[in-house]
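Undergrad: Below is the structure I would like to discuss, written out as structure tokens.
The values are calculated or read from the model by the stated rules, or taken from the named source; none is laboratory data. Please read these numbers as outputs of a predicted model, since none were measured by experiment. Neighbour counts are summed over all protein chains in view; Cβ atoms, including those assigned to glycine, are modelled from backbone coordinates with ideal geometry. Accessible surface is based on the protein model in full, side chains and every heavy atom, while ligands, DNA and RNA are left aside. Shrake-Rupley method; radii C 1.70, N 1.55, O 1.52, S 1.80 Å.
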Amino acid sequence: MTVDIEKLRALLDVLNEKDIAEFEHEDEATRIRVVRGARGLVTHVAPAFAALGSAASPRTEAPPAAPTATEPAADSVDVTSPFVGTFYRAASPDAPSFVEIGSVVRAGQTLCIVEAMKLMNEIEAESSGTITEVFAQNGKAVEFGQKLFRIKKA
């Protein structure tokens, strides 16, 4: 893993200048996460998740197991959060949820809202099917890549 220190310093300067509290970037080789809080600026640079199973890793690869609650079956797809934010199942506290377990959805249909930096972002279904699981809790924080829903493809 190689990180260009000058590029990292420039990135941190821009984030500080724009008063951005949290930033995350991942490419094929590197994952960078910057969080600013009460304790100041914390920067974490790590190999990307894809690189964790490399030959340099002391871990051994286990054979693929049967689908579990954490991995979808071949006929299912998981909808994940595209960024860090707050998960909402409905457009407002008194409105009904966009979807429930058992709801039939079509591609492009709104499943939830993730609020990030005071922006309400609608998360849409990428494929048609039936909601089989809801992983996130209403009003709670979600991370980048965190599972929100599981959809059994139609």
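Undergrad: Got a number for residues in the range 1-40 being open to solvent by 90 Å² or more (accessible area, probe 1.4 Å), of a type outside the set (Asp, Glu) and at pLDDT below 75?
TA: 4
Undergrad: Here's a follow-up. For the range 76-88, which positions are over 19 Å from Thr130 (Cβ atoms), outside any loop (DSSP other than H, G, I, E, B) and open to solvent by 40 Å² or more (accessible area, probe 1.4 Å)?
TA: Tyr88
Undergrad: Among the residues of the range 118-154, which ones are touching an Asp or Glu at 6+ places or on another chain (Cβ under 9 Å) and without any contact (Cβ under 8 Å) to a residue 60 or more places away in the chain?
TA: Hits for the range 118-154 are Asn121, Gly129, Ile131, Val134, Phe135.
Undergrad: What residue, among those in the range 102-154 that are charged (D, E, K, R) and either touching a Gly at 6+ places or on another chain (Cβ under 6 Å) or in a strand (DSSP E or B) (or both), is nearest to Ala90 (Cα to Cα)?
TA: Only one residue tops the list, namely Glu122.
Undergrad: Working only within the range 80-139, note down all residues that are acidic (Asp, Glu) and touching a strand residue (DSSP E or B) at 6+ places or on another chain (Cβ under 9 Å).
TA: Glu100, Glu115, Glu122, Glu124, Glu126, Glu133
Undergrad: Further, regarding this structure: Check Ala125, Ala73, Ala154, Ala91 and return the single one that is surrounded by fewer than 18 Cβ atoms within 10 Å (Cβ to Cβ), farther than 19 Å from Phe23 by Cα and modelled with pLDDT of 90 or more.
TA: Answer to the check: Ala91.
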